[in-house]
Amino acid sequence: MKLYGTANKKSFNTLKIRAALAEVGAPYDFVPVDLDKGENETAAFLAINPHGKVPVLVDGDFALPESNAILWYVAESHPASGLVPRNDGTPAALQARARIAQWIDFAQTTLYAAYADWWNHALGAAAKRVPAAADAALAKIHRGLGVMEAVLATRSYIATPDFSLADLSNASMVFALERRLPDEPLAKRARVRAWYDRVRARPSFAGAIEVP
């Protein structure tokens, strides 16, 4: 397999897939794509993904864009990893799989979306900086972390009682928040901090964030 990802291996959508691949023990080649140089707009890359975006996982002659679809493909291709429960048709399995999908979406549409807004309005091009919009985005981030804090009062992992894809996805986003936000996002979130420390201690995630 090949994973085409941002040249910054620690960016959210690339990091979570690298961690998932490490978790299942899947060998792959990493192909960095420098977006600043327009490498995602070359004819060669557009032949792999006409949308011109990363990440893309290539498995033989199968090319799969979209980070959450890639996460699911990695987990389903390695069922013994337990990153998603097997679909045995029982209500328990179906509900657990749906809950994992819910929290993967949460990482993308709540935390990442607000983070992107904050980044653009707080750190982007000077002409596009809007302090009020940056503050509003920061408030959304903290609201999302508050939701996580409440849920983690009932279980050790974010989606189900067991470690899953949802933990890798949300922990990758928390990693970005801790690196970039001007405050300490987990300072008042003891349960989120404990959960994040558990995920971060896993060799798969620790290895993914320790790369240069």
Beyond 25 Å (Cα-Cα) in this structure, taken from LYS9/LYS188; LYS16/LYS37; LYS16/LYS53; LYS16/LYS140; LYS128/LYS188; LYS53/LYS188, we find LYS9/LYS188; LYS128/LYS188; LYS53/LYS188
Expressed per residue, the solvent accessible area of the chain in Å² (1.4 Å probe) is about 49
Checked segment 165-212 with the C-alpha gyration tensor, a ≥ b ≥ c its square-rooted eigenvalues, rounded below a/c of 1.5, otherwise prolate if a/b is larger than b/c and oblate if not; verdict oblate
Contact order relative to length for segment 106-149, counting C-alpha pairs under 8 Å separated by 6 or more residues, stands in percent at 41
Carbon plus sulfur, as percent of the 1.4 Å-probe accessible area of segment 33-161, comes to 56
Farthest towards the positive end of the dipole of the chain, among LEU111, PHE62, VAL31 and with Cβ unit charges of +1 on Lys and Arg and -1 on Asp and Glu, lies the Cα of LEU111
Taking the convex hull of the alpha-carbon atoms of segment 127-186 and averaging its shadow over every direction gives an area in square nanometres of 4.8
Relative contact order of segment 51-173 (C-alpha contacts under 8 Å, at least 6 apart) in percent is 23
Listed residues LEU152, LEU83, LEU168; largest mean-square fluctuation, Gaussian network over the chain with Cα springs below 10 Å, found at LEU152
With the 8 Å Cα cutoff and a minimum separation of six or more residues, the chain has a relative contact order in percent of 22
Mean projected area (nm²) from the convex hull of Cα positions in segment 1-129 is 9.2
Per 10 angstrom bin, beginning at 0 and ending with the bin that holds the maximum distance, the Cα pairs of segment 78-212 fall in percents of 12, 39, 31, 14, 3, 0
Which of SER77, SER11, SER172 fluctuates most in a GNM of the chain (C-alpha springs under 10 Å)? That residue is SER77
Most fluctuating of LEU64, LEU111, LEU123 in the GNM of the chain (C-alpha, under 10 Å) is LEU123
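The values are calculated or read from the model by the stated rules, or taken from the named source; none is laboratory data. Quick caveat: nothing in here was measured; it's all calculated off a predicted structure. Please note: Cβ atoms are built from the backbone with ideal geometry, for glycine as well, and neighbour counts cover all protein chains shown. Remember, those area values only see protein heavy atoms, side chains included, never the ligands or the DNA or RNA. Shrake-Rupley method; radii C 1.70, N 1.55, O 1.52, S 1.80 Å.
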